[in-house]
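Structure first, then comments.
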Amino acid sequence: QLDPFYASIILFVGRAWDAVTDPMVGFFISKTSWTRIGRLMPWIIISTPFAILSYFLIWFVPDISSGQVLWYLVFYCLFQTLVTCFHVPYSALTMFISSEQSERDSATAYRMTVEVLGTVLGTAIQGQIVGKADTPCIQNPVFLGDTNSSVAMEEVNMTHDTGSLTDTKNAYMIAAGVIGGLYILCAVILSLGVREKREASELQSDEPVSFFRGLKLVMNHGAYIKLITGFLFTSLAFMVRPRLGLEALERVEIGGLGLSATLTIPLWQWFLTRFGKKTAVYVGISSAIPFLIMVVVLDSNLIVTYIVAVAAGISVAAAFLLPWSMLPDVIDDFKLQHPDSRGHEAIFFSFYVFFTKFASGVSLGISTLSLDFAGYQTRGCSQPSKVNFTLKMLVSAVPVVLILLGLLLFKLYPIDEEKRRKNKKALQDLREESNSSSESENTELARIV
């Protein structure tokens, strides 16, 4: 029941807030003392109940007429902060379950497969529960004119059936409760099933590093900057799409895309092992371009939608698996260039988490604002011609441009397969040298004693 403009403001402010909290959480995690259950796991366990509560309140409609925007802004920002306290240590666990590149790559492939599957499951649950609360479109000539969205919303509110609105509110609350229950289940499985290996890596450096010094070191690493900016553009390409309440069509699209992405992540894992990660990026992400053009060229129907969704899912699998798989390589490269500065893994992952959420928020904001400027009318059975043109741009032209920009940035990414092998060998030599030094010190101490 909010004007699209205010909804966009909430999304943009929430992502700006993320820009502050994500690196801060990463820094505090890097300074957390080791506990019986590790350094990362306490963040996951403690943040979970508060994150679920704030998520539930995002979907709650307060009985206030003038403060709803502030209500949703506060709880949206709070939820984003608590999700950061979960997602940053969860993602960083990849570096602390093994020191082997191949094992980390395999773990990343499993993680991304289940993340995509979870996204499909969550979307399906939300769609099925909310979709049962049928809200028919409104036939009104005023929607065909140049009336702005605020006037349109007033007209909608005046003609909206109170019982239908109540059913819709209850449906969103039920969906929030079900997804919150899944959140708890997944957090329990994670906390009971994963153990951090203290020897896999060191979170804390030998000397305390200030937040700004650590941030400067991380953000001055060229390979990291090229990777996260390329990741940002490609993520935006697959996320920039409007949510228009076309439940039947969206279920087909999301189901086909999610199933395709889930099934093809193992394929891309094999491909990157066989041909290299940079090659997999070029092939996987660029393969979506012809199908995105099909959206504009061909008339929209169920078959075309399903074909495009399946093809997009194949590219989505590559777009989300490969950057996460490449991040540990960047951290290894950073360790070699700064051997005396350790404990920045969580900061690396925190910015990666931020760019993931930033891409999602920006895409929703761009879509919502674009449709608002084009004159889109909420629940209107008919839409102005500008809306149709805007939709074609959002689902085709804009993603193609973003993909090309992202691939250009990945072209500048300096860590190829040869560089990976050299880094792996150099890190092994450093570990062996460190172990030898440690053994020599222990032998000398024993001799003295």
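The values are calculated or read from the model by the stated rules, or taken from the named source; none is laboratory data. Quick caveat: nothing in here was measured; it's all calculated off a predicted structure. We place every Cβ from the backbone using ideal geometry, glycine too, and count neighbours over all the protein chains shown.
Checked against the criterion of being crowded, with 20+ Cβ neighbours inside 10 Å, among the hydroxyl-bearing types (Ser, Thr, Tyr) and without any contact (Cβ under 8 Å) to a residue 60 or more places away in the chain, segment 390-413 has at least one qualifying residue. Considering 174, 189, the condition of being of a type in the set (A, V, I, L, M, F, W, C), assigned to a helix (DSSP H, G or I), under 28 Å from residue 350 (Cα atoms) and modelled with pLDDT of 80 or more is satisfied by 189 alone. State yes or no: is residue 288 in the same structural domain as residue 264 (by the TED database), in contact with a Gly (Cβ under 8 Å, 6 or more places away or on another chain), touching a residue at least 24 places away in the same chain (Cβ under 8 Å) and not basic (Lys, Arg)? Against the criterion (in the same structural domain as residue 264 (by the TED database), in contact with a Gly (Cβ under 8 Å, 6 or more places away or on another chain), touching a residue at least 24 places away in the same chain (Cβ under 8 Å) and not basic (Lys, Arg)), residue 288 does not qualify.
Can we say residue 292 is out of contact with any helix residue (DSSP H, G or I) (no Cβ under 6 Å at 6 or more places or on another chain) and assigned to a helix (DSSP H, G or I)? Answer is no for this residue.
Yes/no matrix, rows are residues, columns are (1) under 17 Å from residue 218 (Cβ atoms); (2) modelled with pLDDT of 80 or more:
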{"residue": "252", "(1), (2)": "no, no"}
{"residue": "272", "(1), (2)": "no, yes"}
{"residue": "277", "(1), (2)": "no, yes"}
{"residue": "293", "(1), (2)": "no, yes"}
{"residue": "308", "(1), (2)": "no, no"}
{"residue": "318", "(1), (2)": "no, yes"}
{"residue": "335", "(1), (2)": "yes, yes"}
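Would you be able to say whether some residue in segment 26-33 is out of contact with any helix residue (DSSP H, G or I) (no Cβ under 8 Å at 6 or more places or on another chain), in contact (Cβ under 8 Å) with a residue 60 or more places away in the chain and either on the phi < 0 side of the Ramachandran plot or hydroxyl-bearing (Ser, Thr, Tyr) (or both)? Checked against the condition, which is being out of contact with any helix residue (DSSP H, G or I) (no Cβ under 8 Å at 6 or more places or on another chain), in contact (Cβ under 8 Å) with a residue 60 or more places away in the chain and either on the phi < 0 side of the Ramachandran plot or hydroxyl-bearing (Ser, Thr, Tyr) (or both), segment 26-33 yields at least one hit. So, residue 199, is that one closer than 26 Å to residue 420 by Cβ, among the acidic types (Asp, Glu) and modelled with pLDDT under 75 or not? The answer is yes for residue 199. Only one entry in 326, 294 is closer than 20 Å to residue 407 by Cα and over 15 Å from the mean Cα position of the chain (by Cα), namely 326.
The residue list 350, 341 contains one member that is among the polar types (S, T, N, Q) and at pLDDT 75 or above, which is 350. Candidates 57, 82, 70, 78: the one that is over 24 Å from residue 182 (Cα atoms) and without any contact (Cβ under 8 Å) to a residue 40 or more places away in the chain is 70. Checking the structure you have, find out if any residue of segment 370-384 is touching a residue at least 12 places away in the same chain (Cβ under 8 Å) and under 21 Å from the mean Cα position of the chain (by Cα). Within segment 370-384, none of the residues are touching a residue at least 12 places away in the same chain (Cβ under 8 Å) and under 21 Å from the mean Cα position of the chain (by Cα). Kindly evaluate residue 91 against the criterion of being under 24 Å from residue 180 (Cβ atoms), surrounded by 18 or more Cβ atoms within 10 Å (Cβ to Cβ) and modelled with pLDDT under 90. Spelling it out, residue 91 is indeed under 24 Å from residue 180 (Cβ atoms), surrounded by 18 or more Cβ atoms within 10 Å (Cβ to Cβ) and modelled with pLDDT under 90.
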